[in-house]
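These notes are about the structure you will find just below.
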Amino acid sequence: MQSSDLPNADTTRIADLRSDGLRPAGLRPAVFLDRDGTINEEVGYIHDPLDLNLIPGAAAAIRELNAKGVMAILVTNQSGPARGFYPESHLDTLNNRLNHLLEEEGAFLDDLYYCPHLPDGTVSAYTMVCDCRKPGTKMVQLATEKHGIDLSRSYVVGDKATDVELGQNAGCRTVLLTSGYGQRVLDGAYQWQVTPDHVAATLQEAVSWIMADMAARV
């Protein structure tokens, strides 16, 4: 399980942009975001970094979270290294491109966590049952300890059943996106059916609902 603390990750530079005085005191709400099919287009395992491209409107949605002082934290399963598709360093390359694309549109992630493991992988170093692979909560737990997050006021957004179950396991509210694999989850054709707190077509729609829900719960 890795985060932006990695010395060769570019996310530290991006995170420097958040020194704007907008963060409220005490425990803070956060939105935990999946990556593929949520922020960037779902194209399967990405070998060429240039194949990682933002879903239209995703950067604007994250920019709204930035402006409102709500932490935007990436939590993503990335089993490519465990499957032998590419080295773990390739994940840093992909995430650096993601940060660069967001930065170009004036948005940033407050932190980034990924799990490279898989119980039935082909590379022994990454083949294991872990507690960071979603719907396990280790990535959320680490982010909560590091940033002082109030999970009862936080949200998990993604396009898979595992994202919804992560949120439920962590005590967050959940949004299932119909982008990526989300519609197939709803139809019972991928993973398994779940009951999120909200269903949205896009990340922008999800953030609009989250902002309204946060205001209603104050």
Worksheet item: Counting only residues that are out of contact with any Asp or Glu (no Cβ under 7 Å at 6 or more places or on another chain), closer than 18 Å to T144 by Cα and modelled with pLDDT of 95 or more, how many does the stretch 1-53 have?
Response: 4
Response to the item:
Sole miss for A72 among (1) part of a strand (DSSP E or B); (2) of a type outside the set (D, E); (3) under 22 Å from V129 (Cα atoms) is condition (3)
Response to the item:
With the first residue restricted to the stretch 193-218 and required to be under 22 Å from E42 (Cβ atoms), and the second required to be assigned to a loop (DSSP other than H, G, I, E, B) and not small (G, A, S), Cβ contacts under 8 Å at 6 or more apart or on different chains are V199/T178; A200/T178; A201/T178; T202/I55; L203/T38; L203/I39; L203/I55; I210/V70
Worksheet entry | Residue in the stretch 144-163 that is of a type outside the set (V, I, T), modelled with pLDDT of 95 or more, assigned to a loop (DSSP other than H, G, I, E, B) and surrounded by fewer than 24 Cβ atoms within 10 Å (Cβ to Cβ) present | yes
Discussion item. Looking at the structure I just gave you, is A212 small (G, A, S), buried (at least 18 other Cβ atoms within 10 Å of the Cβ) and at pLDDT 95 or above?
Written reply: no
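Can L109 be described as within 12 Å of the chain's Cα centre (by Cα) and of a type in the set (A, V, I, L, M)?
yes
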Worksheet entry | Among the candidates G80, G136, residue that is under 14 Å from the mean Cα position of the chain (by Cα) and crowded, with 20+ Cβ neighbours inside 10 Å | G136
Discussion item. With the structure loaded, tell me whether G121 is of a type in the set (G, A, S), at pLDDT 95 or above and in contact with a Leu (Cβ under 9 Å, 6 or more places away or on another chain) or whether it fails that test.
Written reply: no
Worksheet entry | Number of the condition not met by T122 [criteria: (1) surrounded by fewer than 15 Cβ atoms within 10 Å (Cβ to Cβ); (2) hydroxyl-bearing (S, T, Y); (3) under 28 Å from G84 (Cβ atoms); (4) without any contact (Cβ under 8 Å) to a residue 40 or more places away in the chain] | (4)
Fill in: Condition met for K134 (at pLDDT 95 or above, closer than 17 Å to L33 by Cβ and part of a loop (DSSP other than H, G, I, E, B))
yes
Worksheet item: V140 fails exactly one of the following numbered conditions: (1) over 17 Å from R28 (Cα atoms); (2) touching a Gly at 6+ places or on another chain (Cβ under 9 Å); (3) in a helix (DSSP H, G or I). What is the number of that condition?
Response: (1)
Worksheet item: Checking R184 against (1) farther than 25 Å from E88 by Cα; (2) in contact (Cβ under 8 Å) with a residue 40 or more places away in the chain; (3) not aromatic (F, W, Y), which single condition isn't satisfied?
Response: (2)
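The values are calculated or read from the model by the stated rules, or taken from the named source; none is laboratory data. Everything quoted here is computed from the prediction, not taken from an experiment. FYI the Cβ positions are ideal-geometry reconstructions off the backbone, even for glycines, and counts take in every protein chain you see.
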